Amino acid sequence: MTQTVAVLGTGKIGEALLSGMIRAGWRPADLLVTARRPERAEELRTRYGVEPVTNAEAAKRADTLILTVKPQDMGKLLDELAPHVPAERLVISGAAGIPTAYFEDRLAPNTPVVRVMTNTPALVDEAMSVISAGTHATAEHLLHTEEIFGGVGKTLRVPESQQDAATALSGSGPAYFYYLVEAMTDAGILLGLPRAQAHDLIVQAAIGAAVMLRDSGEHPVKLREAVTSPAGTTINAIRELENHGVRAALIAALEAARDRSRELASGNG
Ligand SMILES: NC(=O)C1=CN([C@@H]2O[C@H](COP(=O)(O)OP(=O)(O)OC[C@H]3O[C@@H](n4cnc5c(N)ncnc54)[C@H](O)[C@@H]3O)[C@@H](O)[C@H]2O)C=CC1
Ligand SMILES: O=C(O)[C@@H]1CCC=N1
């Protein structure tokens, strides 16, 4: 049987997922989208050939609803949806912080809910999507969720108690790397390189390092040691990173992101 999937609140993450699903072979005819602004809805229709509908219509027609609004907008969306969502619908939340119980409390009894934290590299099929089942989600619901999110990258099942940590690591994770690239590009400018060249050098170093981290099977310490020659250049840089507490700053930063995810749990964040 053909499954219809609706993306509700198709912003940055919703569109990244939608585009990836189409690349992965989903037929636009089997996909519905909702958006707050009519111009946005038309943009999605033109760009992907999908049908924009109201939230209520999506709830009635789609077998699976993927909710990708901001945590702060989730309560309002659920108020709108609740009267229209039959209990057999699979509801997938892509929002940071909000637990599956929040949805279960507001939807029909026994509604299967799955929580997913993905990230923007979904746009290039390199997402990490971390998946947890709510009380009524079955193995089949998890497989279906993996089928959807597997089209845009890797998936990993975790207990829901680990979702806030996963959000800090991989949901927000790409932003940390963009921030580092931005800072190191500035360093290149300081060292006298043209900005475009500094950018290219750092981006390629990041790509090379990322592929080695993924494919070599080596521990990051080993990989760093291989770059760090005795009395060489790298150790001077590492000493400065240690002097400035960069490791401690990263640990504190991810802890702060985890804490913020916890704060968003009520949907009022
Ligand atoms: N941006 C990111 O890197 C990531 C975001 N997320 C989660 O994804 C969700 C969305 O984030 P973004 O895509 O960044 O935000 P966004 O603001 O780009 O997208 C949300 C969209 O929902 C629409 N919307 C709000 N209420 C609506 C309603 N009642 N009906 C229809 N549309 C409605 C908004 O107009 C907006 O286009 C958030 O819950 C966030 O926690 C998760 C992982 C990564
Ligand atoms: O910053 C945020 O709240 C969202 C969730 C994870 C990444 N972006």
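If you stretched the chain out fully between ALA56 and VAL246, how much longer would it get, using 0.36 nm times the residue separation minus the C-alpha to C-alpha distance? Intermediate results must be reported in sequence, preceding the final value.
Working: separation 190, 0.36 × 190 = 68.40 nm, distance 4.80 nm.
Stretched fully, the ALA56-VAL246 segment lengthens by 63.6 nm.
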| task | Restricting to the chain, compute how many DSSP beta bridges are antiparallel as a %, nearest 5. | result | 15 percent
| remark: In Å, the C-alpha Rg and Dmax of the chain are 21.1, 69
| task | Taking the Cα centre of the stretch 173-263 as origin, work out the dipole magnitude from +1 charges on Lys and Arg Cβ and -1 charges on Asp and Glu Cβ, in debye rounded to 20. | result | 100 debye
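Pull out the extension gain between LYS12 and LYS76, defined as 0.36 nm times the separation in residues minus the alpha carbon to alpha carbon distance; nm, one decimal.
Numbers: separation 64, 0.36 × 64 = 23.04 nm, distance 1.93 nm.
Contour length minus Cα-Cα distance gives 21.1 nm.
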| request: For the stretch 147-207, report the translational diffusion coefficient in µm²/s to the nearest whole number, using Stokes-Einstein at 25 °C, 0.890 mPa s, and a Kirkwood Rh over Cα pairs. | output: 177 µm²/s
| task | Evaluate the distance, in nm, between pseudo-label points positioned 7 Å from the Cα of ALA196 and of MET184 along their respective Cα→Cβ axes. | result | 2.1 nm
| Point-to-point label distance, ASP30-SER216, nm (Cα→Cβ direction, 7 Å offset) | 4.1 nm
| note | Residues whose modelled amide H sits under 5 Å from the amide H of THR155, counting only those 5 or more places away in sequence or on another chain, are SER129
| message | Just to be sure I understand: with springs between alpha-carbon atoms less than 10 Å apart, which residue in LEU67, LEU223, LEU169 has the highest mean-square fluctuation in the Gaussian network model of the chain? | response | LEU223
| task | Work out the FRET efficiency for THR135 and VAL227 from their Cβ-Cβ distance, taking R0 = 41 Å, and round it to the nearest 0.05. | result | 0.30
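None of the figures in this text is laboratory data; all of them are computed from the coordinates on show. Just so we're clear, the structure is a prediction, and the values are computed from it rather than from any experiment. We place every Cβ from the backbone using ideal geometry, glycine too, and count neighbours over all the protein chains shown.
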